[in-house]
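The values are calculated or read from the model by the stated rules, or taken from the named source; none is laboratory data. Fair warning: this is a prediction, and the values are worked out from it, not measured in the lab. Glycine gets a Cβ as well: all are built from the backbone with ideal geometry, and neighbour counts include every protein chain shown.
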Amino acid sequence: MSESLRIPRRVRHELKFRTLSVVSVEDLTPTYRRIVLTGDDLEGFVSPGFDDHVKVFPPRPGEAPVMPTLGPDGPVFPEPRPAARDYTPRAYDPATRRLTLDFVTGHGGPATEWAMTAAPGVQLGVSGPRGSTLVPTAFADHVLIGDETALPAIARGGWRNCPPRPAPRWSSP
């Protein structure tokens with residue numbers, strides 16, 4: 001097997017800041033909320049790595065998202081600096097321009113507070129992903145470890161990239 005099949009590859013993407021609107025909200029469990037976002041700003045959105053992340057800029061209730069602008073040396077943040085958190089996209093459908101994010105609730109913080117009050121039509125600022133790490137799959141085994149916040153990455157492709165293997169057989173003595 002070629003060693004090049006085992007080397008992760010980093011891919012850079014153009015940084016864009018997007019204002020998106022909530023399409024739907026679904027509570028998957030009492031502490032796990034799925035929010036689907038849409039907007040014309042999703043034109044050109046790419047996320048090929050299963051563990052990519054976007055940065056969300058949750059606005060205060062009733063306010064528009066406050067995001068940085070793109071300067072010659074990268075993002076330029078306004079003062080006071082807006083709250084920002086990283087999230088792995090659960091899914092993206094370019095045909096419908098719908099981005100799905102899953103939020104673990106109950107931990108507190110600006111993104112959780114926004115997610116708990118999100119409803120159709122509410123806006124969220126989103127940037128990225130700035131890049132993707134394309135993880136090779138040419139291994140006999142993969143170990144995927146994560147808490148509930150890792151579920152989008154695992155569901156999105158981590159487990160799907162594992163080679164098929166026969167089911168283990170258990171026997172008793």
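Within the stretch 37-52, is even one residue over 22 Å from Gly131 (Cα atoms) and either assigned to a strand (DSSP E or B) or touching a residue at least 12 places away in the same chain (Cβ under 8 Å) (or both)? No, every residue in the stretch 37-52 fails to be over 22 Å from Gly131 (Cα atoms) and either assigned to a strand (DSSP E or B) or touching a residue at least 12 places away in the same chain (Cβ under 8 Å) (or both).
Among the residues of the stretch 74-112, none is identified as of a type in the set (Asp, Glu) and modelled with pLDDT under 90. Within the stretch 53-82, the set of residues being assigned to a strand (DSSP E or B) and within 21 Å of Ala150 (Cβ to Cβ) comprises Val54, Lys55, Val56.
Filtering the stretch 20-35 to residues that are surrounded by 17 or more Cβ atoms within 10 Å (Cβ to Cβ) and out of contact with any Leu (no Cβ under 7 Å at 6 or more places or on another chain) leaves Val25, Arg33. The residue of the stretch 36-71 that is surrounded by the fewest Cβ atoms within 10 Å (Cβ to Cβ), among those that are within 20 Å of Arg97 (Cα to Cα) and β-branched (Val, Ile, Thr), is Val46. Within the stretch 95-115, the set of residues being on the phi < 0 side of the Ramachandran plot and exposed (fewer than 13 other Cβ atoms within 10 Å of the Cβ) comprises Ala95, Thr96, His107.
The residue list Ala115, Ala138 contains one member that is in a loop (DSSP other than H, G, I, E, B) and more than 12 Å from the chain's Cα centre (by Cα), which is Ala138.
Only residues that are more than 24 Å from Glu148 (Cα to Cα) and not in a loop (DSSP other than H, G, I, E, B) were counted in the stretch 10-36, giving 8.
Per-residue answers, yes or no, for (1) in contact with a helix residue (DSSP H, G or I) (Cβ under 9 Å, 6 or more places away or on another chain); (2) surrounded by 12 or more Cβ atoms within 10 Å (Cβ to Cβ); (3) of a type outside the set (S, T, N, Q); (4) at pLDDT 75 or above:
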site	(1), (2), (3), (4)
Gly125	no, yes, yes, yes
Pro129	no, yes, yes, yes
Thr133	no, yes, no, yes
His142	yes, yes, yes, no
Asp147	no, no, yes, yes
Leu151	no, yes, yes, yes
Gly157	no, yes, yes, no
Asn161	no, yes, no, no
